[in-house]
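As structure tokens, the structure follows; a few thoughts come after it.
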Amino acid sequence: MEGFVGPRVYSCYNCRNHVGLHDDIISKDFQGINGRAFLFSHAMNIVVGAQENRRLRTGLHTVADISCADCHEVLGWKYERAYEASQKYKEGKFIFEKVKIVKENW
């Protein structure tokens with residue numbers, strides 16, 4: 001199909017494994033450990049690590065680091081539980097640090 005453009009994808013910066021779709025971005029206005037971060041509704045080709053409680057800017061959360069399934073680079077975290085009522089929308093969502101992902105098919 002000439003002129004067909006596939007989905008806009010985000011990949012691991014280290015190995016280019018596809019880890020998220022642009023259409024799954026909920027917000028680009030998040031802060032990660034290394035600067036700006038994006039909140040995604042879904043992720044792919046990642047491994048979810050052990051859960052731990054972390055005090056983040058918006059309060060206490062139970063999170064698990066997420067790593068690339070191919071190269072095992074830590075890319076961000078998954079919100080498992082939010083303790084503040086106003087933060088419950090994050091549960092089950094994924095944070096990808098902007099410096100850890102690159103655009104593909106743009």
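Brief remarks follow.
- Tally, over the range 37-77, of residues that are in contact with a helix residue (DSSP H, G or I) (Cβ under 7 Å, 6 or more places away or on another chain) and over 15 Å from F94 (Cβ atoms): 2
- Among the conditions (1) open to solvent by 60 Å² or more (accessible area, probe 1.4 Å); (2) of a type in the set (A, V, I, L, M, F, W, C); (3) touching a residue at least 60 places away in the same chain (Cβ under 8 Å); (4) part of a strand (DSSP E or B), the only one that V19 does not satisfy is (1).
- Qualifying residue in the range 4-12 (condition: among the hydroxyl-bearing types (S, T, Y) and without any contact (Cβ under 8 Å) to a residue 40 or more places away in the chain): no
- In the condition set (1) of a type in the set (K, R); (2) modelled with pLDDT of 95 or more; (3) surrounded by 13 or more Cβ atoms within 10 Å (Cβ to Cβ), R36 is compliant with all but (3).
- Taken together, the residues in the range 84-106 that are modelled with pLDDT of 95 or more, open to solvent by 60 Å² or more (accessible area, probe 1.4 Å) and aromatic (F, W, Y) amount to 1.
The values are calculated or read from the model by the stated rules, or taken from the named source; none is laboratory data. This structure is a prediction, so every number in the text was calculated from the model and none was measured. Every residue, glycine as well, gets a Cβ built from its backbone with ideal geometry; the counts of neighbours run over all protein chains shown. In case anyone asks, the SASA skips ligands and DNA or RNA and just uses the protein heavy atoms, side chains included. Shrake-Rupley method; radii C 1.70, N 1.55, O 1.52, S 1.80 Å.
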